[in-house]
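Undergrad: Okay, here's the structure, questions in a sec.
Derivation of every value follows stated rules applied to the coordinates shown; laboratory data play no part. Note that this is a predicted model, so its numbers are computed, not measured. Here Cβ is always computed from backbone atoms with ideal geometry, including for glycine, and neighbour counts include all displayed protein chains.
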Amino acid sequence: MHTLIQDLRYGARMLAKNPGLTLVIVLSLAIGIGANTAIFSVTSTLLLKPLPYPHPDRLAILWLRSPGIGIPQDWPSRGQYHDIKTQNHVFEDTAIAIGDEYILTGLSKAIKVACYPCWAQSRCWAASLQRTKTGRASWTRWC
């Protein structure tokens, strides 16, 4: 134990002797830990936690493609969605949503919340009941 304490004191003296090197070491550790935390958070959210819907493995996103005008992926318009819904013979149900961000304020600090207002009433959106940080339940806005 005495040797460990002696080694720690020696290491502290060497770090104090070279403040530039100490700064580089601390910044390198901070960047490495921050990057590792960010990568784990994204991986955990996207790959490890299930989606907040029943049967999330059965959800699909339909994109429209217009390569002639340089649009590889695009959301359908309301008219295009109506055509998809009326000519659908594959999907059990369909809905259309466009995401946006809003500022939620209350008794505590304001936070940015991603919101997906629903354009067309659908049974799958009934599952989007979510709990807010304050404990109140909020439904996705119906059209």
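Undergrad: If each of I31 and H89 carries a label point 7 Å out from its Cα toward its Cβ, how far apart are those two points in nm?
TA: About 5.8 nm separates the two model spin labels.
Undergrad: Taking loop as defined by DSSP and a crowding limit of 15 other beta carbons within 10 Å, which chymotrypsin sites (Phe, Trp or Tyr not before Pro) in segment 1-78 fit? Display every interim value, and only then the final one.
TA: Values: sites: Y10, F40, W63; in loops: W63.
The qualifying sites are W63.
Undergrad: I'm a student and want to see the number: the projected area of the Cα convex hull of segment 2-48, averaged over all directions, in nm². Spell out each step's value before the answer.
TA: Values: hull surface 18.5 nm².
That works out to 4.6 nm², a quarter of the Cα hull's surface.
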